[in-house]
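Notes for the one structure printed next.
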Amino acid sequence: MMRTFLTLACAALVLAPVPVVAQRGHIINRILPRRAAPPQPQLVGIDALRADFLARSGSDTVLFGGDSAILGVPARATLAAQAQWLRQNPQVVIRVEGHAAVSDTREHALAVGARRAEEVRDYLVLMGVPAYQVTAVSMGKERPSGVNARAVTILVR
């Protein structure tokens, strides 16, 4: 008799999966409630502008080859996107920081960093960004990171 009852109970569970699954999901949700993702902080002011700049331009960094200050195709594409954003936001002032290799002498690194920063500034102005909106500085080999043959666009205000 008990065996027949268990067989019938198992058959009932197999034949009626939707209510059992729905009920099981409800029980699991009651036991283990889902946690909501923590709210993202609201960005305001310059932080919001920096986030929008990165999202729309794709990057704030352009890379150079070796000891060069020549803009390659990927760098020009990045700068074209940056220029478009800067033309739409004329109130923003930027600083282009040119970096060089840590292994260079101090003087050589400053010169290469200056050429890179000026090349980026000149290209942005050529793309229609007002000259008053862009300054260029050489960081030389200061603040090194994984890639030193680069120029970084920094939103100042």
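Under the condition of being touching a residue at least 24 places away in the same chain (Cβ under 8 Å), surrounded by 12 or more Cβ atoms within 10 Å (Cβ to Cβ) and part of a loop (DSSP other than H, G, I, E, B), the residues counted in segment 47-81 number 6.
When the criteria are applied in full, Leu71 meets the requirement of being over 17 Å from Ile154 (Cβ atoms) and either modelled with pLDDT of 90 or more or of a type outside the set (A, V, I, L, M, F, W, C) (or both).
Is there a residue being without any contact (Cβ under 8 Å) to a residue 60 or more places away in the chain, touching a Gly at 6+ places or on another chain (Cβ under 6 Å) and surrounded by 15 or more Cβ atoms within 10 Å (Cβ to Cβ) anywhere in segment 142-157? Reasoning before the result, please.
Of all residues in segment 142-157, those without any contact (Cβ under 8 Å) to a residue 60 or more places away in the chain come to 142-146, 148.
Those still in the list that are touching a Gly at 6+ places or on another chain (Cβ under 6 Å) too: none.
Checked against the condition, which is being without any contact (Cβ under 8 Å) to a residue 60 or more places away in the chain, touching a Gly at 6+ places or on another chain (Cβ under 6 Å) and surrounded by 15 or more Cβ atoms within 10 Å (Cβ to Cβ), segment 142-157 yields no hits at all.
For segment 82-111, the set of residues classified as assigned to a helix (DSSP H, G or I) and either charged (D, E, K, R) or over 16 Å from Ile154 (Cβ atoms) (or both) consists of Gln84, Arg87, Gln88, Arg106, Glu107, His108, Ala109, Leu110, Ala111, listed by residue number.
Identify, from the list Ala117, Ala136, Ala101, the residue that is touching a residue at least 40 places away in the same chain (Cβ under 8 Å), at negative phi and surrounded by 21 or more Cβ atoms within 10 Å (Cβ to Cβ).
On the way: Ala117 fails: touching a residue at least 40 places away in the same chain (Cβ under 8 Å); Ala101 fails: surrounded by 21 or more Cβ atoms within 10 Å (Cβ to Cβ).
Of the residues listed, the single one that is touching a residue at least 40 places away in the same chain (Cβ under 8 Å), at negative phi and surrounded by 21 or more Cβ atoms within 10 Å (Cβ to Cβ) is Ala136.
Here is the figure for segment 120-141: residues that are within 23 Å of the chain's Cα centre (by Cα), assigned to a helix (DSSP H, G or I) and of a type outside the set (Val, Ile, Thr) total 4.
The values are calculated or read from the model by the stated rules, or taken from the named source; none is laboratory data. Just so you know, these numbers come straight off a predicted model, no measurement behind them. Cβ atoms come from the backbone with ideal geometry, glycine included; neighbour counts cover every protein chain shown.
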